[in-house]
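FYI, it's all coordinate maths here, none of it is from the lab. This structure is a prediction, so every number in the text was calculated from the model and none was measured. For neighbour counting, all protein chains shown are included, and Cβ atoms are generated from backbone atoms with ideal geometry for every residue, glycine included.
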Amino acid sequence: MARADFAAGITALIGWLAAAPAMAQPPAEVTAAVERQLEDSEADDLDLGQARRLYSNVDLTGQEAGDWIVDFARMPAAMMCGTGGCTLQIYVAGPDGYRLAFDRQVLGYKIERGEGAPRLVTAEHGVHCGGTGSDECRYAYGWVAGADGRGWFLPADPGGPRHGYSGPLAQPLPGADRAITALAAMADAYIAQCKADGGAAETGEALALLPDLNDDGLPEALFDAARAMCARAGAAAAPCAEPACQSALLASGPEGWVVDWRGPPFDYAIRFDGGKAVMSVAAPDCGMCDARAVRLAEGRLSPD
């Protein structure tokens, strides 16, 4: 190529770059939330400077503002990673600005776009599919919009040979637990009980959303007592135990979420039959032995 032609090509490229629209920048509230997490993880200035590589602007909810994926696997030294993978977060626009709507450790992810709305598909630690760490475990999440302008990423049929999951299934609720008053009240009661016993409570893993089980198009909620922890001085954190609390299944309805069924801590699994979610519960640590299906009867969800 002649020198003049090469120079002309470079000039044209520079002109095209100058005319191209600037790459979308993540909203300030999103970057501030991420930086707080990195600082809590004792990230140094170099790590914070590299945080810009974490963000991807995507469309998972169909909202004009767009959604933001934050993939902590892109940080150096795997500082936000563990045996279950690296933290993956999704921030979505809502009535009060951007909020955290997905927060889970994953081994990898992809966005599937076919018929219907896009889905987030994740590779998970094998234990989340009832196997071991080396076993393949695929989850899928689809966006369900709420009437209040919020919405959720709910577990969906992952396809493949399993067509379901075994618990702990659902992601912990990232800040949205206060929108479900009855669920927040259960967390507050457990925290108060733990404090009275001289401990410090952690309930983040106990508050979760489930797929729609009562056919009203909204998620159900779960207080998973087996994953509420109470750390007492000089002792390891212990699971929630009777009579301090019970697990509870909260069903959605016209007046919000109400407790339909509660009992001792349980394990659970979700399978999909023709696209519909079906939940089963069983005594903990028995590999879903003697599982009981959760059924809708007389307007209530119950395995009894």
FRET efficiency, ASP304 to ALA32 (Cβ-Cβ, R0 51 Å, nearest 0.05): 0.65
Cα centroid separation - segment 182-224 against segment 60-118, whole Å: 23
Ranking of THR31, THR87 by count of other Cβ atoms within 10 Å, fewest first: THR31, THR87
Calculated FRET value between GLU112 and SER134, using beta carbons and R₀ = 22 Å, to 0.05: 0.40
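Which peptide among 150-158, 134-142 comes first, and what is the full order, when sorted by highest mean count of other Cβ atoms within 10 Å?
150-158, 134-142
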Most to least packed among 292-304, 182-194 [average Cβ atoms within 10 Å]: 182-194, 292-304
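Let me make sure I get this right: for segment 24-164, a, b and c are the square roots of the gyration tensor eigenvalues over alpha carbons, sorted descending. Under 1.5 in a/c it's rounded, otherwise prolate if a/b > b/c, else oblate. Which is it?
Oblate is the answer for segment 24-164, as a/c is 1.5 or above yet b/c matches or exceeds a/b.
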FRET E, pair ALA123, ALA297, Förster distance 41 Å, beta-carbon r, rounded to 0.05: 0.65
